[in-house]
1. Only strands (runs of 3 or more DSSP E) wholly contained in the stretch B:138-216 count here; list those with 1 or more residues that are among the β-branched types (V, I, T).
2. Give the number of residues within the stretch B:550-586 that are touching a His at 6+ places or on another chain (Cβ under 8 Å) and polar (S, T, N, Q).
3. Just give me the residues in the stretch B:271-291 being open to solvent by less than 10 Å² (accessible area, probe 1.4 Å) and of a type in the set (A, V, I, L, M, F, W, C), in sequence order.
4. At pLDDT 95 or above, in contact with an Asp or Glu (Cβ under 6 Å, 6 or more places away or on another chain) and among the aliphatic types (A, V, I, L, M): which single residue out of A:V188, A:V197, A:V134 fits that description?
5. Taking the stretch B:292-332, which residues are buried (at least 24 other Cβ atoms within 10 Å of the Cβ), among the aliphatic types (A, V, I, L, M) and over 22 Å from B:N401 (Cβ atoms)?
6. Got a sec? Which of B:V528, B:V549 is outside the structural domain of B:Q674 (by TED's automatic domain parsing) and either out of contact with any strand residue (DSSP E or B) (no Cβ under 7 Å at 6 or more places or on another chain) or open to solvent by less than 10 Å² (accessible area, probe 1.4 Å) (or both)?
7. Filter the stretch B:501-519 down to the residues that are touching a helix residue (DSSP H, G or I) at 6+ places or on another chain (Cβ under 7 Å) and either farther than 15 Å from B:Q674 by Cβ or outside any loop (DSSP other than H, G, I, E, B) (or both) and list them by number.
8. Which residue, of B:L688, B:L700, is surrounded by fewer than 24 Cβ atoms within 10 Å (Cβ to Cβ) and either within 22 Å of the chain's Cα centre (by Cα) or in the same structural domain as B:S444 (by TED's automatic domain parsing) (or both)?
Amino acid sequence: MHAFSYHKPSTLGDALSLVAKQSEGKILAGGQSLVQAMKLRLASPTDLIDLSGIKDLAGIKVEGSSVTIGAMTRHADVENNADVKKMIPALARLAGGIGDRQVRHMGTIGGSVANSDPAACYPAAVLGLGATIVTNKRKIAADDFFKGLFETALETGELITAVTFPTVKRAGYIKFKNPASRFALVGVFVAETSGGVRVAVTGAASCVFRATAIEKALTAKFDPDAVPADTIKADTLNADLHGSAEYRAHLITVMAKRAVTQAVGK
Amino acid sequence: MNAPLIGARIERKEDYRFLTGAGQYTDDVTLPGQTHAVFVRSPHAHATLKSIDKSKALKAPGVLAVFTGEDLKVGGLPCGWLITDVNGQPMKEPVHPSLAQGKVRHVGDQVAVVIAETLDQAQDAAGLVEVDYGVLPSVTSTDKARAKGAPQLHEIAPDNTCYVWAIGDKAACDAAFSKAAHVTKLDLVNNRLIPNAIEPRAANGMYSRADDSYTLYVASQNPHVERLLMTAFVLGLPEHKVRVVAPDVGGGFGSKIYLYAEDVVVTWASKQINRPVKWTCERSESFVSDAHGRDHVTTVELAMDKDGKFLGMRVKTTANVGAYLSTFASCVPTILYATLLAGQYTTPVIHCEVTAVFTNTVPVDAYRGAGRPEATYVVERVVEQAAREMKLDPAEIRRRNFIKTFPYQTPVALMYDTGDYEATLSAAIKMADVAGFPARRKASEAKGKLRGLGYAAYIEACGIAPSNIAGALGARAGLFEAGEVRMHPTGSCTVFTGSHSHGQGHETTFAQVVADRLGLPIESVDIVHGDTSKILFGMGTYGSRSIAVGGTAIYKALDKIIAKGKKIAAHLMEAAETDIEYDRGVFKVAGTDKQKTIGEVSFAAYVPHNYPLDKLEPGLNENAFYDPTNFTFPAGSYVCEVEIDPDTGVTKIEKFTAVDDFGNIINPMIVEGQVHGGLTQGIGQALLEGCKYDPESGQLITGSYMDYTMPRADDVPNYQVDTRVTACTHNPLGVKGCGEAGAIGAPAALMNAITDALQVYGINDLPMPASPQTVWKTIQNAKQKKAA
């Protein structure tokens, strides 16, 4: 690891002015990806601006039928939050399945969403539930947020402050883990919302995406057997040692079925 | 007198320090004036070194020295075992330099070393060493190494061939095949593994100008062997000027047996800069620098009569030794492999030919089991397949062929002293509830799952080895062990052993043996190992040899302690020596109530006021060297039951039953721990682990835990383990060794279970590791073939 300066601002304003000053700096929002990259000398920021001192950024609030999760809320706090468990149980389960216990007590929803790792779980929930990403500047719909491999709609100097999830009729998330890394080789989030079914797939491609053909079939009939096979073309998917594109395409169907099974509580 | 300690579940004496963070590993050793080394390694699989410019690195802050192969002109790292090929020629031994000499031959090959005041400074400067590589085409795959036009690694080894070696009577074997009613044939790959000890390798070399001596702290399984090889073959130093200390070592599995380049470099460099030099391997660095394991490609044929009685076995194996010959690389796919191909069976003739090839990969050497897992995999896979083809129950075909009378001379050199293979097999069948399997299979099928059951009846040759036999087979060292028992005046005891403990629990097991025989509380016995300045000599720990060879050496030293104690006791009690009876710490005059304890005798030996000084030296300290007369032959039967999800290809191990015969057992708890660990490594090989190189670039694809699948707790079931005992006939403790068994037997049992489950698709083989993708793809291919 290269040497760096560490900052721990206590207000969002201080954080933003530090971000503006340190062009080679990085935001530390849990550090479960960034610190690993720094240890391997793949990332060498001059400054780390740790958001964990900003109290307003952590916490879970219920407003009407939506749940707003502060950007610095740890996965373990989402996993164990009574409101989340009651209102969007699939989200609590998803959070409880990220990484391991240590990761879940350090990693944050804002950090995960901003990183847009192609194999991360949270983007599937954000896109699958049609959440809204709240930043210091604006509100961004999930459908407009994830742009590609480690790429989002966030602009320079823009920080995620919270993610707002609408409650849905029912939802499920199943991931098939990469045997080595335990990241999602394929993860499918299925949600039955008032506006139809949303299906988000993570792990399979360079960025989380919606499986529209499966959504259509499930909107007609929300049942595991309604999930159509072979709707995702393999040539759009990732291939690596643990999963060819063909295997991933197949797993999307299988995981979608299992996510629906979970959602309907069979 | 204490309750007997041999056979007791004594909690491990060493665990307090390990569990409370008080262990002292090589990286914990920081010497006055400590400096830090970082190695510059080749990013290419095969390249010439056109030039190395170290000027920028030398100017970097804190840098003390940068050395390359130009600076370090010493002997190559030696190979400790000479294999003679089928034409009577010695194997090809290309120079294995500590720092590359003009060429690099695998990703990770060490090119230069940067030494600085701090580790960060050394890391920064390592990035400033400018190496101009002339990239060459590479070959990494075992079966392509000898292909026409394959890139050549070493001038002295045409066709990348180290040796072609054979064992067994080929003509007799061919004759047996000509009479066979049926021949079963399998093509098998034993996948390459990366060891992954929890403590990465580390070395800290220190030179003392005062007496021109060196001390090397190193994460090693055998400090004396390390010293011998480094001084005699590489650095040309007198042995008495080098002390090697292997303090607490966090696992080895074979990978810390060898003399590595880094150990040589830090020792040598400590004199060049007159400061101690420490190197601790990074985890990602260990993937490309620790010796790998396995990597065989094999064709096996088994000839049978109409009743499934084995008539002969033919085996042809290509073994990948990597870019250079590591310390014991040459004997693993030969002496430790082909001699085990009889397994537990009476197969009368066996012929095996082994071709060892060089490739642009990390050197391959012994890894937990070393040759014996490969042999068991070949034998037990082909036997299970033979049962299928002969429509025999897999247990029944084994029973028909079991060796039942001992000693038994196999057709591949070994002489098994004892065993009871039926006992372990029938116990395993009962424990695994094989009778209930059909019902469990039905239940799985109802859920859309496939269930399979597989066996493996393994044998291993442990307690390595009788030195004269090893020498005749090419070993360049003896394979005895040394032990020393030092009674202290006030009755406690320190024991010095040449065996090395790096997780095995010797500090407890050996102490149990000593405390039991001397009638001492176990707290009064300490085991010291891992330091050439304290211990007489040692050949170290590998091949499940510690209790059988190292334990026996201690036992022999105890014999001498007791013999001398009898003389002292006789004097103290004014009796004839022949009238002294000894039992666990108490010397008695036969037929009387007169007695002296070992503590009293020891006190008399060191405070010899009333002592036969005219006939006997004072003191009570004895040592012994022990060279075994035969290998030991642990054996057992494993039964594995799996459930496969055909939709995803995921294999779940539902049950794993292991019944082993390790001879007498000193500490059943430690033995169970060894079996659990071995099984997990074996399951790791079959289901999860697999080293992969990119065939084009020669890059290591599985270079981190993101891609290399280490087994985790939730990958394995709760094991059912038990033992049966036939005592070893040629060592006084009747022990055989247990460290490697699980890793030897598990892969075949698991793959036999998986192929059993996949019989519905007519699948008889699939490669290890049977990852979800591999299982799924194999099923898809079989379905397509069926449809076509």
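1. Values: elements: B:161-167, B:182-190, B:202-208.
The qualifying strands (runs of 3 or more DSSP E) are B:161-167, B:182-190.
2. From the stretch B:550-586, those touching a His at 6+ places or on another chain (Cβ under 8 Å) are B:550; that's our starting set.
Narrowing further to those that are polar (S, T, N, Q): none.
So the answer is 0.
3. Once the filter is applied, which keeps residues that are open to solvent by less than 10 Å² (accessible area, probe 1.4 Å) and of a type in the set (A, V, I, L, M, F, W, C), the stretch B:271-291 yields B:V277, B:W279, B:C281, B:F287, B:A291.
4. Working: A:V188 fails: in contact with an Asp or Glu (Cβ under 6 Å, 6 or more places away or on another chain); A:V134 fails: in contact with an Asp or Glu (Cβ under 6 Å, 6 or more places away or on another chain).
Only one candidate qualifies: A:V197.
5. Within the stretch B:292-332, B:A319, B:V321, B:A323, B:L325, B:A329, B:V332 meet the criteria.
6. B:V549
7. B:H506, B:T508, B:T509, B:F510, B:A511, B:Q512, B:V513, B:V514, B:A515, B:R517, B:L518, B:G519
8. When all the criteria are applied, what remains is B:L688.
The values are calculated or read from the model by the stated rules, or taken from the named source; none is laboratory data. The structure displayed is predicted, hence computed values, not measured ones. Neighbour counts are summed over all protein chains in view; Cβ atoms, including those assigned to glycine, are modelled from backbone coordinates with ideal geometry. Accessible surface is based on the protein model in full, side chains and every heavy atom, while ligands, DNA and RNA are left aside. Shrake-Rupley method; radii C 1.70, N 1.55, O 1.52, S 1.80 Å.
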